[in-house]
1. Being free of Cβ contacts under 8 Å to residues at least 24 places away in the same chain and open to solvent by 10 Å² or more (accessible area, probe 1.4 Å): is that true of LEU327 here?
2. How about the stretch 162-182: which of its residues are among the polar types (S, T, N, Q) and in a helix (DSSP H, G or I)?
3. Evaluate the stretch 55-62: report whether one residue or more is surrounded by 18 or more Cβ atoms within 10 Å (Cβ to Cβ) and over 16 Å from TYR174 (Cβ atoms).
4. Can you tell me which residue in the stretch 91-124 is farthest from PHE34 (Cα to Cα), limited to those that are among the small types (Gly, Ala, Ser) and open to solvent by less than 10 Å² (accessible area, probe 1.4 Å)?
5. Select the strands (runs of 3 or more DSSP E) contained entirely in the stretch 317-368, then report the ones holding at least 3 residues which are within 27 Å of LYS392 (Cα to Cα), among the aliphatic types (A, V, I, L, M) and not assigned by TED's automatic domain parsing to the domain that holds LYS92.
6. Please go through the stretch 369-391 and pick out each residue that is touching a residue at least 24 places away in the same chain (Cβ under 8 Å), part of a helix (DSSP H, G or I) and open to solvent by less than 10 Å² (accessible area, probe 1.4 Å).
7. Determine, yes or no, whether SER349 is among the hydroxyl-bearing types (Ser, Thr, Tyr) and buried (at least 20 other Cβ atoms within 10 Å of the Cβ).
Amino acid sequence: MKKLKKSKLKENQTIQISGSKSISNRLLILESLFKNIEIGNLSNSQDTSLLKKALSENTEWVDIHHAGTAMRFLTSYYSIQGGKTTILTGSKRMKERPIKNLVTALQNLGVEIEYLENEGFPPLKIKGRTITQPKVNVPSNISSQFITSLLLIAGKLENGLEIHLVGEVTSRSYIEMTLNILTRFGIKNSFIENTIKVEPFINHQSSIINYEVESDWSSASYFYSFAVLGRKTIHLKSFYKESTQGDSAIAKIYEEFFGIKTNFTEEEHKLTLQPDPNFKFPEKIVLDMNNCPDITQTLCVTAAALKIPFVISGLGTLRVKETDRLLALHNELKKLGTETEYTDYTIKSTGFGKAEENIIIKTYQDHRMAMAFAPFCLVQELEIEDEDVVEKSYPKFWEDLQIILTENS
């Protein structure tokens, strides 16, 4: 249990956030496939450590615990390891997270994959083979990680891969991030309307490609919330103005709705979160977060703390994350005095009352629940259950809070 006393935000503190988990995990797969990549500022998250460990060990049985990205990416990775059979499993929650659409796509490409427990869910028995089928259809209104998983192996296939996305594309920015990384390494690709093409990669380079991973914008989002509620300046390193991370949308969203200006210092790769002292908060927040659903929890807590009504849509992937994030938000926002209604794709506030006197936030084994609710300590003391859950993406989170906070005496 992490107890956060009512605090104040210090002025002008600087936080160094480790590399993006999303980018790091993509690079680890590419590094293992193509061998010519040297990665700097790799994420120190538990998810990345688990993926790195799985790729370095030549074992038949692979347990990736809660690491959803590792489950998706490794499913495709092991599918092209010819002559190798792998059992890919995870935690109890991982066995409840659907993976059928990715498995079906790989089966349609000729891979032999078997469900060992429940149809459509891990654990999986994967028999690797050479894929020659060049085209596949994939539903696109679900996790973009399924699509990215296929894209990461596409350059290794002798005929490349053409993916036709069926339906409305969810989290398009994450797909574009993947394609941007492939382009940087010389893997030719295109994304026209709902069709993605990746050409087979022939590496003519003998030199190592160095890739310095940008810091994680998802992790940065919590400090935007602190800046809003504390109205003090915070500096974050190492970030880039032209980021490929979908969650960099936090900068535009928090400027529009909460008056936080993001200033970039290019030579230091630093961003400064600067509150506008004359900003007038909106009467209501209406926002489609289809391209950046992972920062929904942060935004909802920020709005709840300020009692600003909100209607957030585009959230179709949140119910199959580490937990059902919409249900978790609905339950825990009540403790802050915020009533909500939610569907499979939306969440909206329906009223604001007084927060509970003794707030204890459940995390539901979800790292983002712990970190998104932490900024509320600028409003009222609270406790966060299972504080170690932050290790999944941001192991130093509680340490970094000590840098920016001082107890309200």
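1. Considered against the rule, which asks whether it is free of Cβ contacts under 8 Å to residues at least 24 places away in the same chain and open to solvent by 10 Å² or more (accessible area, probe 1.4 Å), LEU327 comes out as yes.
2. Those that are among the polar types (S, T, N, Q) and in a helix (DSSP H, G or I): SER173, THR178, ASN180.
3. yes
4. So, considering only residues that are among the small types (Gly, Ala, Ser) and open to solvent by less than 10 Å² (accessible area, probe 1.4 Å), the one farthest from PHE34 (Cα to Cα) is GLY120.
5. Those strands (runs of 3 or more DSSP E) span 359-361.
6. MET369, ALA370, MET371, ALA372, PHE373, ALA374, PRO375, PHE376, CYS377
7. Taking the combined requirement at face value, the residue satisfies it.
Listed here are the residues, each with its yes/no results for (1) among the basic types (Lys, Arg); (2) open to solvent by 60 Å² or more (accessible area, probe 1.4 Å); (3) under 24 Å from VAL169 (Cβ atoms).
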residue: LYS188; (1), (2), (3): yes, yes, yes
residue: GLU193; (1), (2), (3): no, yes, yes
residue: ILE196; (1), (2), (3): no, no, yes
residue: ILE202; (1), (2), (3): no, yes, no
residue: ILE208; (1), (2), (3): no, yes, no
residue: VAL213; (1), (2), (3): no, no, no
residue: TRP217; (1), (2), (3): no, no, yes
residue: TYR222; (1), (2), (3): no, no, no
residue: LYS237; (1), (2), (3): yes, yes, no
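The values are calculated or read from the model by the stated rules, or taken from the named source; none is laboratory data. Owing to the predicted nature of the structure, the values given are computational and were not obtained by experimental measurement. Counting neighbours? That spans all protein chains shown, and the Cβs are built from the backbone with ideal geometry, glycine included. The accessibility values were calculated without ligands, DNA or RNA, using every heavy atom of the protein model including side chains. Shrake-Rupley method; radii C 1.70, N 1.55, O 1.52, S 1.80 Å.
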